[in-house]
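Here's the structure, in structure tokens; my notes come after.
Laboratory data are not the source of any read-out in this text; all were calculated from the coordinates shown. Bear in mind that the values here come from a model prediction, so they are computed numbers and not experimental data. Here the Cβ is made from the backbone with ideal geometry for all residues, glycine too, and neighbour counts use every protein chain on show.
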Amino acid sequence: MISEEKLQILTESAKYDVSCSSSGSRRKNEGGIGNGYAAGCCHSFTPDGRCISLLKILLSNDCIFRCKYCMSRADADVPRATATPEEICTLVMDFYKRNYIEGLFLSSAVVKSPDYAMEQLVRTVKMLRTEYNFHGYIHVKGIPHADSLLAHEAAKYADRMSYNIELPSETSLKLLAPQKSKESLLLPMKQLQRETLAFRAEKRKGYFLPAGQTTQMIIGASPEPDGQILRLTQSLYRANGLKRVYYSSYVPVVQDSLLPAVGAKPMREHRLYEADWLLRFYGFSAEEIVEDDGNLSLELDPKCAWALRNPQFFPVEVNRAPLEVLLRVPGIGARSAQKILSARRYAKLGFSDLKKMRVVLKRARHFITAGGKFFGTENQAVLRGLLTAGEAQAGAVQLDFFRELQAARTALTGEL
Ligand code: SF4
């Protein structure tokens, strides 16, 4: 059994990776233990947003690389530990049976060499599937510079894999993570994407990354503006078929003159997630979401900010506008837009109908007409004020919620 000390070191070192939440995998239980069926691995989040339903652990934190921002880098003075594949497997099974976890998120530092580290990851996931008959959700990290055959082998047993881009440009990689390169991260992603498509097209038996690939970028450790981050995100979705790009606000866990002394603003990360949503589900492109300075507005969500920059686009008549136009209206979500399309086939829609469809009229009324009626303001300055006030109110509600959550937790556990 893995020692408590080792477990603490390896789980502590893994907590900064946020690319593990969600899955969408459809792995069935075929007579073994656990399953990752339908909605995939259920997950929940700690108050600071970390995913907690997976056992999130490194196989080793004994890294030969020297990424400046990382507490496991080779020259950091931290306790080191390396688990064996057998230890990880026993731990997963034990935790699963106790109902502590529903799956595994397994990563590793580059211990000894990229190939060695990747081999150990492959051995672990293969052993879990074939010897322990574990059918639960597994997300495994890809190690940059490891042999492509090892990545292929891991993909046969994992539900999801991720190569973390970490920094959004080659220049920043060279500066802050000199042993990594854009190629060492993007090429394996492309290879896995090709192999996944071939696997599906040929309808082969078994599994090959059923939950696809994800990646993570650190926000604020390097100077790239939001526009550059979102263009990279866009190309990862379009050209590499990634399921999700995660953004993690830079947290200064180590000191280095090349790194900022303070962490990134959480609101920046939040806005990037909103913009990411617009890229994936609302037909926006990275180029049009950002402000003139190349960044997202921190004051307003990116859809409202876009609408304010494009007054010529509005108001939109909800009884006639096509789906792609409705999706651009602040306050109309993807589901409400679909509901509008279905309902207006039978009757002309008014504002009361839109309310029933959960359109957020507080925002939408300034950008739509319903049956020719308009209940918003066209004064841009007033409109900006109203939207910004609405955002501030929503932020305060969210803050109260987190305060209440924290108070409840303190009352229950006595923790501060
Ligand atoms: S490769 Fe870089 S980021 Fe990963 S564990 Fe090693 S030093 Fe840290």
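If packing is taken as the average count of other Cβ atoms within 10 Å, what order do 217-225, 231-239, 376-384 fall into, highest mean first? Each step should come with its number before you reach the end.
On the way: 217-225: 20.9, 231-239: 17.2, 376-384: 13.2.
Per-residue Cβ counts within 10 Å, averaged per peptide and sorted highest first, yield 217-225, 231-239, 376-384.
Given N residues in the stretch 176-258, what is its alpha carbon radius of gyration divided by 2.2 N^0.38 Å?
Values: Rg = 15.7 Å, N = 83, 2.2 N^0.38 = 11.8 Å.
Here the answer is 1.33, to two decimals.
What's the Cα-based Rg to Rh of the stretch 70-211, Rh via Kirkwood? Write out the running numbers ahead of the final one.
Numbers: Rg = 15.9 Å, Rh = 16.2 Å.
Ratio of gyration radius to Kirkwood radius for the stretch 70-211: 0.98.
Around LYS56, which amide H atoms from residues at least 5 apart in sequence, or from another chain, sit under 5 Å from its own amide H, with H modelled in the peptide plane?
PHE105
Among the listed pairs LYS156/LYS180; LYS126/LYS174; LYS56/LYS356; LYS56/LYS112; LYS180/LYS203, which are separated by more than 32 Å between their Cα atoms?
Numbers: LYS156/LYS180 25 Å; LYS126/LYS174 34 Å; LYS56/LYS356 42 Å; LYS56/LYS112 22 Å; LYS180/LYS203 35 Å.
Violating the 32 Å Cα-Cα cut-off are LYS126/LYS174; LYS56/LYS356; LYS180/LYS203.
Classify the stretch 248-348: rounded, prolate or oblate, from the alpha-carbon gyration tensor (a ≥ b ≥ c, eigenvalue square roots; a/c under 1.5 rounded; otherwise prolate if a/b is larger than b/c)? Spell out each step's value before the answer.
On the way: a/c = 3.95, a/b = 2.59, b/c = 1.52.
Because a/c hits 1.5 or more and a/b exceeds b/c, the stretch 248-348 counts as prolate.
By the scheme Lys and Arg +1, Asp and Glu -1, what is the net charge of all other residues having a beta-carbon under 13 Å from that of ILE2? Display every interim value, and only then the final one.
On the way: positive: LYS6; negative: GLU4, GLU5, GLU86, GLU87, ASP94.
Cβ neighbours under 13 Å give a net charge of -4.
Note down the net charge around GLU195, summing +1 for each Lys or Arg and -1 for each Asp or Glu among other residues with Cβ under 13 Å from its Cβ.
Details: positive: LYS156, LYS190, ARG194, ARG200, ARG204; negative: GLU153, GLU202.
Once positives and negatives cancel, what remains is +3.
Cα extents of the stretch 4-289 along the three principal axes, largest first, in whole Å?
50, 46, 37 Å, listed from the longest principal axis down.
Convex hull over the Cα atoms of the stretch 45-152, averaged projected area in nm²?
Working: hull surface 30.1 nm².
Over all viewing directions, the stretch 45-152 projects a mean Cα-hull area of 7.5 nm².
May I ask you to compute the full-extension gain from VAL382 to PHE95, defined as 0.36 nm times their residue separation minus their alpha-carbon distance, rounded to one decimal in nm?
Details: separation 287, 0.36 × 287 = 103.32 nm, distance 5.54 nm.
Result for the pair: 97.8 nm of gain on full extension.
Longer than 31 Å from Cα to Cα, which of LYS141/LYS205; LYS97/LYS265; LYS68/LYS205 are they? Say none if no pair is.
On the way: LYS141/LYS205 24 Å; LYS97/LYS265 39 Å; LYS68/LYS205 43 Å.
Distance filter (> 31 Å) returns LYS97/LYS265; LYS68/LYS205.
Assign one of three labels to the stretch 266-321, namely rounded, prolate or oblate, based on the Cα gyration tensor with a ≥ b ≥ c the square roots of its eigenvalues; rounded applies when a/c is under 1.5, prolate when it is not and a/b is larger than b/c, and oblate otherwise.
Prolate.
Packing-wise, with mean Cβ within 10 Å as the measure, how do 83-92, 339-348 rank, highest first? Walk me through the intermediate numbers first.
Details: 83-92: 20.0, 339-348: 13.2.
Averaged packing, sorted descending, gives the order 83-92, 339-348.
Determine the sum of side-chain charges near MET118: Lys and Arg each +1, Asp and Glu each -1, restricted to other residues whose C-beta is under 10 angstrom from that of MET118. Write out the running numbers ahead of the final one.
Values: positive: ARG123, LYS141; negative: ASP115, GLU119, ASP147, GLU153.
Local charge sum for MET118: -2.
If I take R0 = 22 Å and measure r between the Cβ atoms of TRP277 and GLU324 in this structure, what FRET efficiency does the formula 1/(1 + (r/R0)^6) give, to the nearest 0.05?
Calculated value: 0.90.
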